Amino acid sequence: MNEQTLSMRLERVAAYVPAGARLADIGSDHAYLPVALMRRGIISMAVAGEVALTPFRSAERTVRENDLEQQIIVRLANGLAAIEPGDEITAISLCGMGGETIRDILDSGKSRMSGQERLILQPNGGERPLRQWLMKNDYRILFEDVLRENRFDYEIIVAERDGPVTYTAEELYFGPLLMQARSPAFLLKWQRLLRLKEKTLVRLAKAQAVPRETVEDIARQVRWIEDLLA
Ligand code: SAM
């Protein structure tokens, strides 16, 4: 993977970035996503935010080597602190981090958002707490996607602020749109997870001093997945 050939995962994310967007890619690492989008003429400017020095330098290098310093600003910053009011950001991508981390970045960076930005999120796990945050903060999920690459299942959640929205517990768990679409990748993901969770339940039944709520929660998840796949 590089700034010309994105991974399938980032390629799928790229498809949800609107043409002409002013993109803030937070946790950009090597900045492949904003650089690829700029090279293709899809976005008009970008901020690549990184909290850690080594990926920050790597992002600077990719931007410099592609002569894009005028269009892509690389900032060393924690979360949405990379965004400045004059940036007039219209889309924010947060990819390749845990769902809880993405949620915390969004929550602590609320003052940096106008509320008009499209959020393009690719959590590595923790999708449920992330969707809960979106619902609590009036974001409607517009698109969802799931794909498998290098033996990992990745979900992509695209949301925009659109007034109050309510999702059921199952929709928060599986994804409201993924549940409706029931794509082959989605069904395979949950078949795999069902086997894992059933094994976990067997293991917990033999273990000692496991909190009852933990077992009940996993048993509930197993029932939901069985119903989904039935
Ligand atoms: N977004 C790229 C992708 O999807 O390929 C890189 C993902 S990489 C696994 C996660 C990156 O997020 C790391 O470079 C890490 O330093 C950065 N990161 C983690 N927490 C962050 C935060 N609070 N603010 C900015 N960057 C963060």
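The values are calculated or read from the model by the stated rules, or taken from the named source; none is laboratory data. None of these values were measured; they are calculated from a predicted model. So basically every Cβ, Gly included, is an ideal-geometry build from the backbone, and we count neighbours across all protein chains shown. Surface accessibility is based on the protein's heavy atoms, side chains included, excluding ligands, DNA and RNA. Shrake-Rupley method; radii C 1.70, N 1.55, O 1.52, S 1.80 Å.
Results, tabulated for the structure shown:
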| read-out | value |
| --- | --- |
| Tail fraction, Cα-Cα pairs, segment 62-218, threshold 28 Å, whole percent | 34 |
| Of all accessible heavy-atom area on segment 187-229, the percent that carbon and sulfur account for (1.4 Å) | 55 |
| With DNA, RNA and ligands ignored, accessible area of Glu155 (1.4 Å probe; Å², nearest 10) | 0 |
| Phi-based couplings in Hz for segment 179-195 (Karplus 6.51, -1.76, 1.60; Gly and Pro marked x) | 4, 6, 6, 6, 5, x, 5, 5, 5, 5, 4, 6, 5, 5, 5, 4, 4 |
| Selection of trypsin sites (Lys or Arg not before Pro), segment 190-230, meeting DSSP coil and at most 12 other Cβ within 10 Å | none |
| Extended-chain gain in nm, criterion 0.36 nm per residue less alpha-carbon gap, Thr214 and Arg182 | 8.8 nm |
| Computed label-point distance, nm, for sites Ala52 and Lys199 using a 7 Å Cα→Cβ extension | 2.8 |
| Fully extended contour minus Cα-Cα distance, from Gln70 to Gln4, at 0.36 nm per residue | 21.9 nm |
| Point-to-point label distance, Ser108-Asn150, nm (Cα→Cβ direction, 7 Å offset) | 2.6 |
| Cα-based equivalent ellipsoid of segment 4-69: semi-axis lengths in Å, sorted from largest, via gyration tensor | 18, 13, 11 |
| 10 Å beta-carbon shell around Glu144, net charge (K/R +1, D/E -1) | -2 |
| Cα gyration tensor category, rounded, prolate or oblate, for segment 1-117 with a/c compared to 1.5 | rounded |
| Dipole magnitude (debye, nearest 20) for segment 187-229, charges at Cβ of Lys, Arg, Asp, Glu | 240 |
| Relative contact order of segment 91-135, defined on C-alpha pairs under 8 angstrom at six or more residues apart (%) | 59 |
| Segment 143-204: Rg to Rh, with Rh as the Kirkwood radius over Cα pairs | 1.04 |
| Accessible surface of segment 70-125 [probe 1.4 Å, protein heavy atoms]: carbon and sulfur percent | 42 |
| Residues whose placed amide H lies under 5 Å from that of Ile73, excluding near-sequence neighbours | Ala46, Val47, Ala48 |
| Most positive-pole-ward Cα, Asn66, Gly109, Asn150, against dipole of the chain from beta carbon charges | Asn150 |
| Antiparallel %, DSSP beta bridges [both residues in segment 8-173], to 5 | 40 |
| Radius 13 Å from Cβ of Ser28, net charge of other residues (Lys, Arg +1; Asp, Glu -1) | -2 |
| Between segment 105-146 and segment 70-97, the Cα center-to-center distance that results, in Å | 15 |
| Qualifying trypsin sites (Lys or Arg not before Pro) in segment 40-108, DSSP loop, other Cβ atoms within 10 Å at most 14 | Arg40 |
| From phi via Karplus (6.51, -1.76, 1.60), per-residue ³J(HN,Hα) for segment 26-36 in Hz, x at Gly/Pro | 9, x, 6, 6, 7, 6, 4, 5, x, 5, 4 |
| Amide H contacts under 5 Å for Leu68, placed H, 5+ residues apart | none |
| Point-to-point label distance, Glu84-Lys136, nm (Cα→Cβ direction, 7 Å offset) | 3.2 |
| Per residue, in Å², the accessible surface of segment 187-229 once ligands and nucleic acids are set aside, probe 1.4 Å | 70 |
